[in-house]
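Student: This structure is in structure tokens; I'll ask about it shortly.
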Amino acid sequence: MTEKSPQDNKHPEKPAQQPSTPESSAPKPTPPPAPAKPEEQVEKPPQPPELTLKVCAAISECKPYSAASDCPTVEVIPENLVKVLTALRDNQDFAFSMLMDHTAVDRIEDGKFELVYRLYSLTTLSMLLVSTKIPRDKPIIPTVSHLWDIAEWQEREVYDLFGVLYDNHPDLRRVFLEDDWVGFPLRKDYKDDFMLTLDIDSLRE
Amino acid sequence: MGYIDTKKSTKAKVTTVGNTPINVVIAPRSPSGADSESLLTTIFKSVKSLFVGMKVTIGYLVRPSTVVTQQYPENRETLKMFDRFRGQLRLIKDENNYMNCNGCNFCEIACPNGSIVITDQRNPVNEKLELERFLWRLDSCTFCNACLQACPHDALEWSDGFEAAVYDRRLLVYTLNDYAGPPVKAINRAKKKEDRVEELLATMEPRKQYGGPVPLAGRKMPGVPALETENTKDNASPKHK
Amino acid sequence: MLENLLTHSAFEILTLSDRAAQALAENPWEAAGYTLLALGGTGAFLSLLGMALIYVERKVAAHFQCRLGPMRVGWHGMLQSIADALKLLQKEDIIPEKADKLLFFLAPVFSIIATVLALIIIPMSPSLQVVDLNIGVIFISAVGGFGVLGILLAGWSSNNKWSLLGAMRAGAQFISYEISVTLSLLVITLLAGSLQLSEIVQSQQDGWWIWRGHIVGVVAFFVFIISSTAELNRPPFDLPEAESELTGGFHTEYSGLRFSFFFLAEFINMFIASALGATLFFGGWMPFHIGGFETFNSIMDLIPPGLWFAGKTAFIVFLMMWVRWTFPRLRVDQLMRLEWKFLLPVGFINLFAAATIVLTKLYFFPGQ
Amino acid sequence: MAVKISTLEERISVPAEGDNPLNTQEYFINMGPQHPATHGVLRLMLKLDGETVREVIPVLGYIHRGIEKIGEHQTYRQFVHLTDRCDYLSAMMNNWAVSLMVEKAMQTQLNDRIEYIRTIMAELERIQSHMLWWGVLGMDLGAFTPFLYGFRDREMITDIFEETIGCRLTMNYIQPGGLMDDIHPNFVKRVKDVIAYAKPKIDEYEELLSGNVIIQERLRNVGTITAEQATSLGVTGPVLRASGVALDLRRVAPYGAYGQVDFEVAVGSVGDCWDRYWVRVEEIRQSFRIIEQLIDNIPAGKTMLSKPAKKIILPEGSHYAQLETARGILGIYAVSDGKSENPVRIHMRSPNYHNVWSVDAMTRNARIGDLVANISSLDIVVPDIDR
């Protein structure tokens, strides 16, 4: 039933947290991660990567990400988001000068949007994922567009497709869809009249 | 101001990003400061650069052998496509025109955009499922090759026909099988056992162009009626289930 | 007649207007015939020449770019231009709703009229010139300025911001480069001592001005070529219609026949500029003569003057095409800088030098 | 908290003019979505003051196909072919990004043959992409001839693709777990032929365009963005490198066979159009170097490690992989629930989406001609912006 490709790991529940990923702060990045030795690590409980611990030690508002992730991840509450991201950008130990990516995940079963900010540091070449969760029925989050210029447009994309509202955003408007579009398409409960559903059987009648 | 000599000033050196040493080549700039050239040198180099560019273009004008134009409809006879060219999907047939496909639906499942719709029927003779109609929509096919990859029976191949233009998009829905009936494997097995071969072959029904509703990921295409042409009338819809 | 043509000392200058004027006294019908011939001839010549130039441009461009160009209509696509003309004639004539209808209609007409007016003064061979004005050079400058009016009107009346931008660019560009063109025309006028084009041609029978004027002539020629390319809105100075910037500039809103007027005018203007260049600097229809080599000169005289003229013009046309299909476009401020800071000073210095030469009679071939 | 949501109409409304007669009126003009210089269906609202561009407002979405939404209903294997349709000029690198993400999540170890072929293909793709860009830049700046030269040379490379893969543009070749097909027997010879043919052509490119004084004048000190601006704007790829940041994932975080080859990263020093132009031209040369080092030693081995019929179910959690396409860093972010073949969320960090916004910072107070040069030097592929 749940067959996977050959040589996949036999332990899908184990989060793939490899210290040797290229994004980690290893002094000399190595070619793509060597496969983990699943036998060794399966017994241990998942240990957050080094960078996560460092960040959590330096900035008290962060805590390690609870769910599985393949990249060093910290979790913050929405109120602390701007503070944490400012600290991460300005702290010389981390110096996350690039906001590589910002997007959202619709966790409809929890009633939440998970917003992820993927930071990239040009000095340590490490990557950090900052995750925060906001309620689906009141999706308001402060903007970080004053920290990174690109955040303005990344946030516009998330607003366009998820309907997340960014407080103090300089120019919050739709980016892909028309201004009068109803609904936010990447939400899991989005429906409109022109959506096709994959239903091949109906042709066979 | 100043002319950039593209050949001269590129020099490799090592910088670091993070802790990684990186060999870089730095883009040339026009000489500045102490190295800066006199105005006359700049003008001379600039004017010379224009003539160098003109030399390149006249070089092509005087050598007609450099023309790369292919005169397409005229060279149709000699035009040879690469043997892996993804032109049009077709079913592999053997010398008796029996197909390999037994209608197992793997390609339909693998197809990312519902361009393949397969209907099966149960053969009255050997009670096995067999292909009734293999529909392929060229108009929504993205030529991703997923169907060929997924096919476990080696039943599909690409032909090199690339001239698929038609005037009515409904004509882009192809029936790939020539007949509805048992695949070559079933026929061979029957022949080996010498078991009701004639009867089995008699169940084959010819299939021509498809004339039914155009499938759109399982839906009927809104506003597009079924196509009625001369050669679709005889088998406009699947006969037995 | 033939003798006259072959002996370089006395070319007969007999233009159509001269013939008409002569005939007017004797037979008015003959005069009317000459006028009609001139008008019809000019019209037919205009369209045929335009189509031929378009075909040549396409072929030359294609071979610069490793292509074949038109190959389907006729032998090697010879009739392609006719097919295109027919297509343009059949196209729907679209006038934008908010356009100024009258000016929108008039703009291409202005453009083509200016072209025709300039064309009539070109001496193509001793007997093929419609009008031979004694102020030919001034006339050319004047009607050349009329052409830009069509472009300005087209940009204005289209009621499209892109068109207007293109038209304004065209205006600025034309006014600027007109000065340089005139300066280089003046150089030749000084050297030849006449404003009449036929006399300028006659003055070159011992050597073309590009030789006889040595440095001054060469500089004037290059200034003339650069600034007349700019006046023609041809790449690399095609800012008014820069399609990657202004989507077509002043003729964005034009289609069909009206567009073909602009198109035709552009190509004929290229011919006129080349013909003018050939006339002023390469001796027009005058064969290539070297003072003292009588045998050589008489061999050169065997080639008809019309061919000489056509060959010289074709050379300059080819030069323009070559430049067009090689160079990128300048930016609008660079264009202005080129004119006002480079070509204009050069032109003035050149004019001054030419005056010195004329005063001191320092011609390269002192002949005469 | 009051969140203000604006519309395009409000954004481009011109404020009332003051009484000062010296004020020239600023006006908005619509560039695109059908415009020769906007590379497809990019639409820019320009605030102009005469010829001077005061502000550029990109308006996107004319080719938005909801690929991320479609991806939520497709398996990873099926999603690969959709990424072809984003940045179609680096289609194989897009495929590779998804494959890399899946392989990283599944911890699949690939053999050297797959890695070598992937690397060669990606570099060929980069070369053809840059060749096309080179031609288009020439065309945008008014020289039409380079466009056809670029296309002519690019066709040689797409011929290689067609022989091995069967397609020229959207190839769907690199699959999770390997390659769709083994390379054609002629592949090595053909690649060598193309290298021998195309290397002199790059010198010709230099003569025709790079060395031309008009091009240099058009590109130099136009659209300058500093390294700080570039990092803050999140631009990647040649645009970032032209600003002097040598961030090339092929170097700093090697994937594929990049760890085993020797090449130099082209960087600029100022961050203007000229640097961006030159960085790309130099990248063509470096890509040839990479291919030359790999082409003779492709090891033997399987080219597909997993059977296509097998389901790919990623472990629960979020997965991300990024690589360097011809235009910058492409990241694929997937969230899996660990049960289904389809991702819960799949997101592409597309390089073009991040690059396109820098056009405003570049073009403030420049001319329209500079705007065209800037767009061209960004090397935008609009389907990748809109996805």
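The values are calculated or read from the model by the stated rules, or taken from the named source; none is laboratory data. Bear in mind that the values here come from a model prediction, so they are computed numbers and not experimental data. Ideal geometry is used to build each Cβ from the backbone, glycine not excepted, and the neighbour counts take in all protein chains shown.
Student: Does residue D:257 count as among the aliphatic types (A, V, I, L, M), within 14 Å of chain A (Cβ to nearest Cβ) and either crowded, with 24+ Cβ neighbours inside 10 Å or in contact (Cβ under 8 Å) with a residue 40 or more places away in the chain (or both)?
Tutor: yes
Student: Is it the case that some residue within segment D:156-175 is within 14 Å of chain C (Cβ to nearest Cβ) and modelled with pLDDT under 90?
Tutor: For segment D:156-175, residues within 14 Å of chain C (Cβ to nearest Cβ) and modelled with pLDDT under 90: present.
Student: So residue A:79 passes all but one of these: (1) in a helix (DSSP H, G or I); (2) more than 14 Å from every other protein chain (Cβ to nearest Cβ). Which condition number does it fail?
Tutor: (2)
Student: If we scan segment C:320-335, do we find a residue that is aromatic (Phe, Trp, Tyr), crowded, with 21+ Cβ neighbours inside 10 Å and within 14 Å of chain D (Cβ to nearest Cβ)?
Tutor: Yes: one or more hits.
Student: A follow-up question, please. Among C:13, C:95, C:54, which is at pLDDT 80 or above, surrounded by fewer than 18 Cβ atoms within 10 Å (Cβ to Cβ) and not polar (S, T, N, Q)?
Tutor: Going through C:13, C:95, C:54 in turn, just one is at pLDDT 80 or above, surrounded by fewer than 18 Cβ atoms within 10 Å (Cβ to Cβ) and not polar (S, T, N, Q): C:95.
Student: All but one of (1) over 20 Å from the mean Cα position of the chain (by Cα); (2) more than 14 Å from chain D (Cβ to nearest Cβ); (3) under 30 Å from residue C:349 (Cα atoms) hold for residue C:169; state the number of the condition that does not hold.
Tutor: (2)
Student: Only one of B:89, B:148, B:131 is of a type in the set (A, V, I, L, M) and part of a helix (DSSP H, G or I). Can you tell me which?
Tutor: Among B:89, B:148, B:131, only B:148 is of a type in the set (A, V, I, L, M) and part of a helix (DSSP H, G or I).
Student: If you don't mind, another one. Scan segment A:167-184 and give yes if some residue there is assigned to a loop (DSSP other than H, G, I, E, B) and among the polar types (S, T, N, Q), otherwise no.
Tutor: Scanning segment A:167-184, I find at least one residue that is assigned to a loop (DSSP other than H, G, I, E, B) and among the polar types (S, T, N, Q), so the answer is yes.
Student: Here's a follow-up. Scan segment C:57-81 for residues that are more than 14 Å from chain D (Cβ to nearest Cβ), surrounded by fewer than 20 Cβ atoms within 10 Å (Cβ to Cβ) and either in a helix (DSSP H, G or I) or aliphatic (A, V, I, L, M) (or both) and report the count.
Tutor: 7
Student: If I filter segment D:281-328 down to residues being in a strand (DSSP E or B) and facing another protein chain (nearest Cβ under 7 Å), which single residue comes out as farthest from residue D:137 (Cα to Cα)?
Tutor: D:317
Student: Report yes if some residue within segment D:185-199 is in contact with a Leu (Cβ under 7 Å, 6 or more places away or on another chain) and either at pLDDT below 85 or within 14 Å of chain C (Cβ to nearest Cβ) (or both); otherwise report no.
Tutor: No; the residues of segment D:185-199 include none that is in contact with a Leu (Cβ under 7 Å, 6 or more places away or on another chain) and either at pLDDT below 85 or within 14 Å of chain C (Cβ to nearest Cβ) (or both).
Student: Working only within segment B:109-119, note down all residues that are more than 12 Å from chain D (Cβ to nearest Cβ) and crowded, with 20+ Cβ neighbours inside 10 Å.
Tutor: If the condition is that a residue be more than 12 Å from chain D (Cβ to nearest Cβ) and crowded, with 20+ Cβ neighbours inside 10 Å, then B:116, B:117, B:118 are the ones that fit.
Student: While we're here: What are the residues in segment B:131-158 that are crowded, with 20+ Cβ neighbours inside 10 Å and more than 12 Å from every other protein chain (Cβ to nearest Cβ), if any?
Tutor: Across segment B:131-158, the qualifying residues are B:131, B:134, B:136, B:155, B:156.
Student: Further, regarding this structure: Which residues, taken from segment D:330-342, are more than 7 Å from every other protein chain (Cβ to nearest Cβ) and out of contact with any Cys (no Cβ under 9 Å at 6 or more places or on another chain)? Working first, answer last.
Tutor: The first filter runs over segment D:330-342 and keeps only residues more than 7 Å from every other protein chain (Cβ to nearest Cβ), leaving D:330, D:332, D:334, D:336-337, D:339-342.
Of everything in segment D:330-342, those that are more than 7 Å from every other protein chain (Cβ to nearest Cβ) and out of contact with any Cys (no Cβ under 9 Å at 6 or more places or on another chain) turn out to be D:332, D:334, D:336, D:337, D:339, D:340, D:341, D:342.
Student: Considering only residues that are surrounded by fewer than 21 Cβ atoms within 10 Å (Cβ to Cβ) and in a strand (DSSP E or B), which ones fall in segment A:96-112?
Tutor: A:107, A:112
Student: Is it fair to say residue B:162 is in a loop (DSSP other than H, G, I, E, B), in contact with a Lys or Arg (Cβ under 6 Å, 6 or more places away or on another chain) and within 12 Å of another protein chain (Cβ to nearest Cβ)?
Tutor: no
Student: Are any residues in segment A:171-188 more than 9 Å from chain D (Cβ to nearest Cβ) and over 20 Å from the mean Cα position of the chain (by Cα), and if so, which ones?
Tutor: Residues satisfying the conditions are A:181, A:182, A:183.
Student: Something else now. Would you pick out the residues in segment C:117-163 that are under 21 Å from residue C:193 (Cα atoms), assigned to a loop (DSSP other than H, G, I, E, B) and polar (S, T, N, Q)?
Tutor: C:129, C:134
Student: Within segment C:272-312, count every residue that is out of contact with any Pro (no Cβ under 8 Å at 6 or more places or on another chain), within 27 Å of residue C:147 (Cβ to Cβ), of a type outside the set (Phe, Trp, Tyr) and part of a helix (DSSP H, G or I).
Tutor: The total comes to 12.
Student: What tally of residues in segment D:260-280 results from selecting those that are among the charged types (D, E, K, R) and part of a helix (DSSP H, G or I)? Spell out how you get there, then give the answer.
Tutor: Of segment D:260-280, the ones among the charged types (D, E, K, R) are D:262, D:264, D:272, D:275-276, D:280.
Subsequent filtering for residues that are part of a helix (DSSP H, G or I) retains D:275-276, D:280.
Going through segment D:260-280 one residue at a time, the tally reaches 3.
Student: Of everything in segment D:229-249, what is outside any loop (DSSP other than H, G, I, E, B), more than 11 Å from chain A (Cβ to nearest Cβ) and out of contact with any Gly (no Cβ under 6 Å at 6 or more places or on another chain)? Give them in sequence order.
Tutor: D:238, D:239, D:241
Student: Moving to a separate point now. The conditions are (1) more than 7 Å from every other protein chain (Cβ to nearest Cβ); (2) in a loop (DSSP other than H, G, I, E, B); (3) over 17 Å from residue A:163 (Cα atoms), and residue A:138 fails exactly one of them. Which is it?
Tutor: Failed condition: (3).
Student: Among all residue pairs at least 6 apart or on different chains, which show Cβ distances below 6 Å where the first residue, located in segment C:263-285, is in contact (Cβ under 8 Å) with a residue 40 or more places away in the chain and farther than 28 Å from residue C:87 by Cα and the second is of a type outside the set (A, V, I, L, M, F, W, C) and not in a helix (DSSP H, G or I)?
Tutor: Final answer for the pair search is C:283/C:204; C:284/C:123; C:285/C:125.
Student: How about segment D:13-130: which helices (runs of 4 or more DSSP H) wholly inside it have at least 3 residues that are more than 10 Å from every other protein chain (Cβ to nearest Cβ)?
Tutor: D:91-106
Student: If you don't mind, there's one more thing I want to ask. Can residue B:92 be described as within 18 Å of the chain's Cα centre (by Cα) and away from chain D (no Cβ under 14 Å)? Talk me through it step by step, then tell me what you get.
Tutor: On the way: within 18 Å of the chain's Cα centre (by Cα): yes; away from chain D (no Cβ under 14 Å): yes.
So residue B:92 fits the description; yes.
Student: Need at least 1 residues that are out of contact with any Phe, Trp or Tyr (no Cβ under 8 Å at 6 or more places or on another chain) per element, so show me which helices (runs of 4 or more DSSP H) inside segment C:184-236 make the cut, counting only ones lying wholly within it.
Tutor: Because the criterion is at least 1 residues that are out of contact with any Phe, Trp or Tyr (no Cβ under 8 Å at 6 or more places or on another chain), the helices (runs of 4 or more DSSP H) in segment C:184-236 that meet it are C:197-202, C:214-231.
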